[in-house]
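Below is one structure, written out as structure tokens; the observations come after it.
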Amino acid sequence: MPQIPMHTDPLVEIRDLQTHFFTDDGVVKAVEGVDLDVFANRTLCVLGESGCGKSIMARSILRIVDAPGRIVGGSITYRNADGRTIDLAKARNGSKELRAIRGQDIAMIFQEPMSSLGPIQKIGKQITETILLHRPMSKAAAKETAIEMLDKVGIPKPAERFEAYPFELSGGMRQRAMIAMALSCQPRLLIADEPTTALDVTTQAQILDLIAELKDEFQMGVMLITHDLGVVAEVAEDVAVMYMGKVVEKGDVYSIFETPQHPYTRALLESVPRMGMTRRDRLPAIRGMVPHPLARPSGCTFRTRCDSFMPGVCDKTEPPMLPVGKSDVACFLHMEGTKHD
């Protein structure tokens, strides 16, 4: 397969990110030591089961984690267009600098547009408010820009839809309006949190194609959060696999799909239906359940469901992230000196 070119300077460098929720029952470690890089004009897909910390990690970048959650450690280094850097994890929430980045340099498409769009405000007004907040232009110019963006994302009769309320649009049209709002300030990084989950297959394909086209046009970096391996294979250049708040494997999409190294990654890929299967064929399933977040297993968090579990090794300490082939993997199976079958 062709090699995917790498860029030396990432837009965002995440190092040892820790986001915890302090509840009456205890501390939930939603994100625990995540290291990731997001590059310009590349799509990083973050995948994993529900509850693995994908969305909280993405929200941490924009500092929009709801209480009682907060970032307790690590860094999120964002590199401006002029090369200057800022640690978003340490920036004062609500500061002028952070507000200038949020929505302008880094934008986010949320999973359910009806919960993100104001129900009693017209689509056009919501988009123009975003434009006027971040770009120096008149209201008339902002309206023209908003209509152009609605047209660019494939909404028919954009001037009419500009005056529509969210409930007057279909699910696919609302999602396109959300994308238009996110892209109205031409962000350098677009975070898409499962943007096609509630859409039919045809609309899903159209939305993914649209994001890919706009990524190339604006040279954006894209972080796409999903649990759909078909989507990952279609759009990703880079892949990160998360489990219980940690990245257990990361690498380019070819390495992850052709030679997965972590037992969890292999189990996810094996659970995908394949051509030629009959009604009697059963899909392999990952045994057990994801542990309760307040009862994290000692050592490797995946050991309670892993067929390669090594007693006395996997339950003692957390596996470090190691380079294996073209991927980085957190698994004792790839450490010299560990005994396994």
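The values are calculated or read from the model by the stated rules, or taken from the named source; none is laboratory data. As the structure is a computational prediction, the values presented were derived from the model and not from experiment. Quick reminder, even Gly has a Cβ in these numbers, built from the backbone with ideal geometry, and neighbours come from all protein chains shown. For the accessible areas, the whole protein counts, side chains as well, though only heavy atoms, and no ligand, DNA or RNA atoms are used. Shrake-Rupley method; radii C 1.70, N 1.55, O 1.52, S 1.80 Å.
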Handout entry: Residue-count net charge about R161 - beta-carbon cut-off 14 Å; Lys, Arg +1, Asp, Glu -1
Key = +2
Problem - Calculated FRET value between F167 and D66, using beta carbons and R₀ = 25 Å, to 0.05 - result: 0.50
Exercise for the section: Bin width 10 Å, alpha-carbon pairs only: give the P(r) of the range 265-323 as whole percents, running from 0 to the bin holding the largest distance. Expected result: 19, 39, 27, 14, 1
Handout entry: Radius of gyration and maximum dimension Dmax of the range 20-99, Cα, Å
Key = 13.8, 45
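Carbon and sulfur atoms: what percent of the 1.4 Å accessible area of the chain do they account for? Let's see the in-between values first.
Details: 8640 of 16910 Å².
C and S atoms contribute 51 percent here.
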Exercise for the section: Wrap a convex hull around the Cα atoms of the range 214-258, take a quarter of its surface area, and give that in square nanometres. Expected result: 3.6
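If N is the number of residues in the chain, what value comes out of its Cα radius of gyration divided by 2.2 N^0.38 Å?
This ratio for the chain stands at 1.04.
Using the Kirkwood formula on the Cα atoms of the range 214-328, what hydrodynamic radius do you get, in angstrom to one decimal? Walk me through the numbers on the way to the answer.
Values: mean 1/r = 0.0623 Å⁻¹.
Evaluated over the range 214-328, this radius sits at 16.1 Å.
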Completion exercise
With every protein chain kept in place and a 1.4 Å probe, the chain has an accessible area per residue in Å² of 50
Completion exercise
Of every Cα-Cα pair in the range 143-215, the percentage lying beyond 21 Å is 21
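Rg to Rh for the range 82-216: what is it, with Cα atoms only and Rh by Kirkwood?
Working: Rg = 14.9 Å, Rh = 15.4 Å.
Here Rg/Rh amounts to 0.97.
Tell me, what is the Rg over Rh of the range 150-273, with Rh the Kirkwood radius over Cα pairs? Don't skip to the answer; put the middle values down first.
On the way: Rg = 16.4 Å, Rh = 16.0 Å.
That ratio is 1.03, to two decimals.
Given R₀ = 35 Å, what would the calculated FRET efficiency be for K96 paired with E160, taking r from the Cβ atoms and rounding to 0.05? Don't jump to the answer; show the numbers that get you there.
Details: r = 37 Å, r/R0 = 1.05.
Given R0 = 35 Å and the Cβ-Cβ separation, E is 0.45.
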Fill in the blank from the handout: Here, Q219 and D307, labelled 7 Å along Cα→Cβ, have an inter-label distance in nm of 4.7
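What is the dipole size for the range 199-341, taken about its Cα centre, with +1 at each Lys and Arg Cβ and -1 at each Asp and Glu Cβ, in debye to the nearest 20? Don't skip to the end; give the middle numbers.
Values: 15 positive and 20 negative charges, 192 e Å.
Charge dipole, the range 199-341, about its Cα centre: 920 debye, nearest 20.
Report the charge-dipole magnitude of the chain in Debye, nearest 20, computed about the Cα centre from +1 at each Lys and Arg Cβ and -1 at each Asp and Glu Cβ. Mind showing how you got there, number by number?
Working: 40 positive and 44 negative charges, 137 e Å.
It comes to approximately 660 debye.
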Exercise for the section: For the range 1-146, report the translational diffusion coefficient in µm²/s to the nearest whole number, using Stokes-Einstein at 20 °C, 1.002 mPa s, and a Kirkwood Rh over Cα pairs. Expected result: 123
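Considering only DSSP beta bridges where both residues belong to the chain, give the percentage that are antiparallel (nearest 5). If you can, show how the numbers build up before the last one.
Numbers: 34 of 53 bridges.
Around 65 percent antiparallel, to the nearest 5.
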Exercise for the section: Return the FRET efficiency for the residue pair M137, T23: r is the Cβ-Cβ distance, R0 is 51 Å, and the value is rounded to the nearest 0.05. Expected result: 0.70
